[in-house]
1. Can you tell me which residues in the stretch 283-296 are in contact with a helix residue (DSSP H, G or I) (Cβ under 9 Å, 6 or more places away or on another chain), surrounded by 14 or more Cβ atoms within 10 Å (Cβ to Cβ) and either in contact (Cβ under 8 Å) with a residue 60 or more places away in the chain or not aliphatic (A, V, I, L, M) (or both)?
2. May I ask you to list the residues in the stretch 206-242 that are surrounded by 22 or more Cβ atoms within 10 Å (Cβ to Cβ) and either touching a Cys at 6+ places or on another chain (Cβ under 6 Å) or of a type in the set (A, V, I, L, M) (or both)?
3. Can you report the number of residues in the stretch 222-271 which are assigned to a helix (DSSP H, G or I), in contact with a Pro (Cβ under 9 Å, 6 or more places away or on another chain) and either at pLDDT below 95 or within 11 Å of Ile88 (Cβ to Cβ) (or both)?
4. Within the stretch 77-120, track down each residue that is within 14 Å of the ligand (Cβ to nearest atom), touching a residue at least 60 places away in the same chain (Cβ under 8 Å) and not β-branched (Val, Ile, Thr).
Amino acid sequence: MSFSQIVPEHIQHIPPYKSENPAEQVERKLGVPVVQLGMNENPFGPSPKAVQAARAFLEKIAPYPDDSAYFLRQRLASHYKISMDEIIVSSGSSDILAMTYDALHSPGAEVLTGEASFVVFYQLAEILNMGLVRTPMMEYAFDLEAMAERITSKTRLVVLANPNNPTGTIIGRAELDKFMNKAPDHVLVVLDEAYFEYVHDPSYPNALDYVRAGKPVLVLRTFSKVFGLAGLRIGYGISTPEIIETLYKVRMAFNTNSVAQVAALAAWDDREHVQKSVSMNRAELEFLYHELSKRHLRYVPSHANFVLVELKKPARDVTSALLDQGVIVRPAWGCPACMRVSVGTHEQNQAFLAALDRVL
Ligand SMILES: Cc1ncc(COP(=O)(O)O)c(C=O)c1O
């Protein structure tokens with residue numbers, strides 16, 4: 001009997017996920033440094049205070065980490081004025097998403113999300129053999145009215161990224177309120193707010209209000225984006241004590257390493273670094289808009305640290321030509337003629353535009 005015969009059929013059909021074009025791999029191939037604009041990281045890096053805290057902690061890595069992430073949860077709880085049992089910390093917000101799917105999957109259970117959103121939303125459903133309903137986007141944003149109509153007795157999870165990756169659009173408060181009023185109690189609504197700190201728009205909802213009102217909502221946030229700690233893998237979830245306790249049932253012990261916990265605390269306290277990163281992102285986003293318009297390229301105005309660009313041709317052709325030029329950007333999930341470009345430093349953005357001019 002071969003190994004694959006013991007693997008369930010739905011797993012056999014999944015292509016192995018290997019992150020596309022990791023920068024080191026491309027640099028090895030091209031022999032020159034690449035411009036990495038494919039991962040929506042903070043191009044200005046983490047707070048130097050976070051680096052210092054992580055470095056100092058390296059002396060103390062023999063013991064297992066604090067499994068409760070006590071100090072980080074305490075800091076977050078006091079900032080958000082919620083209790084510590086409404087917070088869970090893990091190695092990245094996507095890991096908390098995985099716990100959520102684990103906790104809620106059962107035969108026939110369905111996940112509802114949009115056509116063009118974060119790849120992990122789809123992957124988790126495939127891995128667990130859950131039904132996946134993807135509703136078409138409207139003007140690159142989630143169509144919440146259409147989504148509400150697709151909720152059935154089988155729906156267990158509605159997953160929304162706000163801002164959405166890869167489109168950079170947001171769901172406004174009025175629209176989300178309306179949706180939440182229609183969502184039945186047997187559905188958990190996940191609001192993935194990985195890019196939360198970048199949003200300025202006054203219509204952006206305060207997702208914690210739904211949690212405070214006792215709604216079945218899980219809010220996910222992360223240290224991977226504006227805090228610049230993607231390499232350490234740390235994120236958190238906020239929900240009602242009952243939902244957080246359920247996630248603790250499926251969580252792996254010691255899931256958040258100790259270096260990440262101390263670095264996240266220091267990064268959290270360095271508000272100045274966050275502010276600086278946000279305003280530099282805004283300025284560079286404006287620069288990219290201006291330069292894309294000059295080239296008659298349409299883009300979707302973004303609330304995050306990346307921008308979706310319409311190409312009117314298969315995005316893969318353009319992204320692989322850019323790769324040959326040493327610039328990594330990504331084709332966008334759910335939009336085959338769009339590429340997603342992370343906002344870089346000014347030099348990186350200029351290098352991207354120069355490469356784009358050679359390619360198009
Ligand atoms: C919408 C969204 N959620 C979550 C993540 C990943 O967050 P983490 O690194 O905390 O797992 C990303 C990263 O690209 C994202 O775009």
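1. Glu284, Phe287, Leu288, Glu291
2. Correct list: Ala207, Val211, Val217, Leu218, Val219, Leu220, Val226, Leu229, Leu232, Ile234, Ile238.
3. Qualifying residue count for the region: 1.
4. Within the stretch 77-120, Ser90, Ser91, Gly92, Ser93, Ser94, Asp95, Leu97, Met99, Gly114, Ala116, Ser117, Phe118 meet the criteria.
Residue-by-condition table, conditions (1) more than 30 Å from Ala263 (Cβ to Cβ); (2) touching a His at 6+ places or on another chain (Cβ under 9 Å); (3) of a type in the set (Ser, Thr, Tyr):
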position	(1), (2), (3)
Thr100	no, no, yes
Met137	yes, no, no
Ala161	no, no, no
Asn181	yes, no, no
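The values are calculated or read from the model by the stated rules, or taken from the named source; none is laboratory data. Bear in mind that the values here come from a model prediction, so they are computed numbers and not experimental data. FYI the Cβ positions are ideal-geometry reconstructions off the backbone, even for glycines, and counts take in every protein chain you see.
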